[in-house]
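J.: Let me give you the structure first, and then I'll get to my questions.
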Amino acid sequence: MDRHIRWLLVTPAILIVFALTIFPLGFSLWVAFVRYDFTLGPEHPWVGLDNFVENWKDPVWRASLWRTAWFSVSMVAIELVLGMLLALAMLRPFRGRRALMTLFVIPLFISPVVVGGFFDLFVRRPYGVANQLASWVWPGTVTIDFSIDSPWLYIVLIIADVWQWTPFMFIIILAGLAAIPDTLYEAAELDGAKPRQSFLFVTLPLVLPVVLIAVTFRLIDAAKLFDIIFSLTRGGPGTDTYTTSYYLYQQGFEFFHLGQGTAGAWMFMIMLTFVSYWLVRRLLKPLEEAS
Amino acid sequence: MTDGGHRSRPEAGGATRVVRGRRFRIGGIVRFVFIGIYVTFLLLPLYWMAVTSIKAQDDQLADPPVWFPTDPTMTNFADALNRFNGWKGLENSLIIALVTTMLAVALGTTAAYSMARYRTGGKHLAFWFLSQRLMPPIAVIIPVFLLYSRYSEEWLGFSLIDTRIGLILLYTVFALPFTVWMMYAYFRQMPAELEEAALVDGCSRLQALLKIAWPLAAPGIVSAAAFAFIFSWTEFLFAQVLGRDEAVTVPVALAGMITFFQGNLYGQASALTMVSLIPAVLLGILVQKHLVRGLTLGAVKG
């Protein structure tokens, strides 16, 4: 009986994922190896690896990969640290915690494309607020064009992402912290552990699995960063804020080189698979041991 | 917190409190300064959205910026809801997000339960679920579009393009990896003894799942459900391509106001964004309730 039940329980989830992804994946794999270009006519001759090579010939593609890497790592690192500190600060109840908690989840409910649009409004010159605020705290009149001046445009993009996604880390880590039974702290206390030690040897190991899940999913999503770029900088100035996803979008939907865009997407997915597989193996270890 | 101590062992209530104070937290003034700074950082853009939603057209892009509009107006709200697909978007988004959440939670928790308790599929199945999240949308969006607009008609007899069902199915697939992983981790860390006891007492596995494991996992389920809802509520790219008209969602309606040909309808966009935050408030309360519940459970055990 149990033998059947275990498969019965996972089958619906597998089926729905399989049914919806098998065709798109197969189709896109084919597109990656043919000429699929709306500007060059309706035939799709086989071109081998040309689509893959085309991407590597383009310096913008290579630059976008590096940019994506340091973007996503710095975004997720900041979000992790802020989320962790915030969760530790919010762990013990105090007056007004309830209201704050509601406030903290709000950014998650705003679509990233809208967040980008509003940060654009926020930093625009001259009627945006950012320069006005900066002029209050900084001597003189600040007139930075946040959407063009380096490094400010990168900082604005990172801040927008941090603004939106820190609550995600916060909630997951808080749930993880809240699930730790107090008995463990009492035991640590009896063994003479100082608060710092009990954080290092009780809290951290126990929240680590949840934290790793949060980091893995955030990292994957950050590596596919698109919406904020799309509505805030449109990749500009020039190609200075192209992430890989934005580059692929450009190739596919602005230039209609769909074959090249899809080939790039497959290469990008393979790179992402290596990174996440490495993370997941780390992630599964504490979960395996939990039994 | 203190009544937890009272209930478990009244004679040592004071002692438990001292012990619990030893738990590492960010304490005292530092704690509130930090929270204060973060709240300011969070509120600035939110305030700007809120105030933009009641500004008259002339004030929206004024130089210097207008912090407190002298003649607040509600026309942006009426405009956004009636003229720019606001109501339709809200209705669609709400239905799509709710159904997606129910599907993802129902399918995700059962799968995760089987994976956690029976090791079904092992590492490979877990990673297969995760890998659904790895593909950049650009690679699949055209095939999905073709599948929905052309082949679903040929193969299934009905078109999925520009329908709520189409988006619901797709979002369920996108939301499942996270739901599965979240609940997998949760079930792994939940002691199996209670379910085993129930099995010994003559419960079937399914009863053990429904009556013991699910209620115990409620905090985890609430947060997994919350993120499935959030994902469907905010997704933009696929909604834009697959659901422009009949199945227009809030993000698509909003993006139409501030990013594309219409350009600068920030007042209307802020208004609709404000309305779209109502579920956030409800969810904040729900999450709060369950996180606190998790906390007190821990305290009672202690």
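The values are calculated or read from the model by the stated rules, or taken from the named source; none is laboratory data. Because the structure is a prediction, the values reported are computed rather than measured. Positions of Cβ are generated from backbone atoms using ideal geometry, with glycine treated the same way; all protein chains shown enter the neighbour counts.
J.: Which of the residues that make up region A:236-266 are small (Gly, Ala, Ser) and within 23 Å of A:Phe38 (Cα to Cα)?
T.: If the condition is that a residue be small (Gly, Ala, Ser) and within 23 Å of A:Phe38 (Cα to Cα), then A:Ser245, A:Gly252, A:Gly259, A:Gly261, A:Ala263, A:Gly264, A:Ala265 are the ones that fit.
J.: Now, a different point. Has region B:175-190 got at least one residue that is of a type in the set (Lys, Arg) and at the interface with chain A (Cβ under 9 Å from one of its Cβ atoms)?
T.: Yes; the residues of region B:175-190 include at least one that is of a type in the set (Lys, Arg) and at the interface with chain A (Cβ under 9 Å from one of its Cβ atoms).
J.: Continuing with the same structure: Could you list all residues from region B:155-164 that are within 12 Å of chain A (Cβ to nearest Cβ) and either surrounded by fewer than 15 Cβ atoms within 10 Å (Cβ to Cβ) or in contact with a Pro (Cβ under 9 Å, 6 or more places away or on another chain) (or both)?
T.: Within region B:155-164, B:Trp155, B:Leu156 meet the criteria.
J.: Across region A:240-276, which residue is nearest to the chain's Cα centre (by Cα) among those that are over 20 Å from A:Phe52 (Cβ atoms) and among the hydroxyl-bearing types (Ser, Thr, Tyr)?
T.: So, considering only residues that are over 20 Å from A:Phe52 (Cβ atoms) and among the hydroxyl-bearing types (Ser, Thr, Tyr), the one nearest to the chain's Cα centre (by Cα) is A:Ser276.
J.: Which of the residues spanning region A:203-224 are more than 15 Å from A:Met84 (Cα to Cα) and more than 8 Å from every other protein chain (Cβ to nearest Cβ)?
T.: A:Leu219, A:Ala222, A:Ala223
Condition check ((1) touching an Asp or Glu at 6+ places or on another chain (Cβ under 8 Å); (2) within 10 Å of chain B (Cβ to nearest Cβ); (3) buried (at least 16 other Cβ atoms within 10 Å of the Cβ); (4) under 19 Å from B:Phe32 (Cα atoms)) across all residues:
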position: A:Leu91; (1), (2), (3), (4): no, yes, yes, yes
position: A:Arg98; (1), (2), (3), (4): no, yes, no, yes
position: A:Phe122; (1), (2), (3), (4): no, yes, yes, no
position: A:Leu133; (1), (2), (3), (4): no, yes, no, no
position: A:Thr143; (1), (2), (3), (4): no, no, no, no
position: A:Leu153; (1), (2), (3), (4): yes, no, yes, no
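J.: Would you pick out the residues in region B:196-211 that are modelled with pLDDT of 85 or more and surrounded by 18 or more Cβ atoms within 10 Å (Cβ to Cβ)?
T.: Passing the criteria: only B:Ala198.
J.: Within region B:108-131, is there a residue that is of a type outside the set (Asp, Glu), in contact (Cβ under 8 Å) with a residue 12 or more places away in the chain and under 22 Å from B:Pro251 (Cβ atoms)?
T.: The answer is no, given that none of the residues of region B:108-131 is of a type outside the set (Asp, Glu), in contact (Cβ under 8 Å) with a residue 12 or more places away in the chain and under 22 Å from B:Pro251 (Cβ atoms).
J.: Turning to a different aspect of this structure: With A:Val115, A:Val76, A:Val137, A:Val81 as the choices, which residue is under 30 Å from B:Ala62 (Cα atoms) and more than 9 Å from chain B (Cβ to nearest Cβ)?
T.: It is A:Val137.
J.: Collect the residues in region B:111-162 that are assigned to a helix (DSSP H, G or I) and of a type in the set (Lys, Arg), keeping them in residue-number order.
T.: Passing the criteria: B:Arg117, B:Lys123, B:Arg150.
J.: Residue check: is A:Tyr246 within 24 Å of A:Val31 (Cα to Cα) and outside any helix (DSSP H, G or I)?
T.: Considered against the rule, which asks whether it is within 24 Å of A:Val31 (Cα to Cα) and outside any helix (DSSP H, G or I), A:Tyr246 comes out as no.
J.: Return the residues of region A:1-57 that are at the interface with chain B (Cβ under 9 Å from one of its Cβ atoms), polar (S, T, N, Q) and within 20 Å of A:Tyr246 (Cα to Cα); say none if nothing qualifies.
T.: If the condition is that a residue be at the interface with chain B (Cβ under 9 Å from one of its Cβ atoms), polar (S, T, N, Q) and within 20 Å of A:Tyr246 (Cα to Cα), then A:Ser28 is the only one that fits.
J.: Considering each of A:Ile229, A:Ile180 in turn, give the residue that is facing chain B (nearest Cβ under 9 Å), in contact (Cβ under 8 Å) with a residue 24 or more places away in the chain and in contact with a helix residue (DSSP H, G or I) (Cβ under 9 Å, 6 or more places away or on another chain).
T.: Being facing chain B (nearest Cβ under 9 Å), in contact (Cβ under 8 Å) with a residue 24 or more places away in the chain and in contact with a helix residue (DSSP H, G or I) (Cβ under 9 Å, 6 or more places away or on another chain) holds for just one of A:Ile229, A:Ile180, which is A:Ile180.
J.: For region A:123-228, give me every one of the helices (runs of 4 or more DSSP H) that falls completely inside it and has 2 or more residues that are closer than 24 Å to B:Ala224 by Cα and among the β-branched types (Val, Ile, Thr).
T.: Fully inside region A:123-228 and qualifying: A:152-178, A:204-223.
J.: Scan region A:240-277 for residues that are crowded, with 24+ Cβ neighbours inside 10 Å and touching a Pro at 6+ places or on another chain (Cβ under 7 Å) and report the count.
T.: 4
J.: Residue check, B:Met135 against (1) surrounded by fewer than 18 Cβ atoms within 10 Å (Cβ to Cβ); (2) within 13 Å of another protein chain (Cβ to nearest Cβ); (3) at pLDDT below 90, all met but one. Which one?
T.: (1) is the only condition that B:Met135 fails.
J.: Starting from region B:181-209, keep only residues that are of a type outside the set (S, T, N, Q), then list their pairs with residues that are not in a helix (DSSP H, G or I) whose Cβ atoms are within a distance under 6 Å, requiring at least 6 positions of separation or different chains.
T.: Listed by first residue and then by second, the contacts come to B:Tyr186/B:Ala217; B:Arg188/A:Ala290.
J.: Pick from A:Trp266, A:Trp278: which is of a type in the set (Phe, Trp, Tyr), more than 22 Å from A:Val115 (Cα to Cα) and more than 10 Å from every other protein chain (Cβ to nearest Cβ)?
T.: A:Trp278
J.: Given (1) in contact (Cβ under 8 Å) with a residue 60 or more places away in the chain; (2) basic (Lys, Arg); (3) not in a helix (DSSP H, G or I), where does A:Arg282 come up short, assuming only one miss?
T.: With respect to (1) in contact (Cβ under 8 Å) with a residue 60 or more places away in the chain; (2) basic (Lys, Arg); (3) not in a helix (DSSP H, G or I), A:Arg282 is out only on (3).
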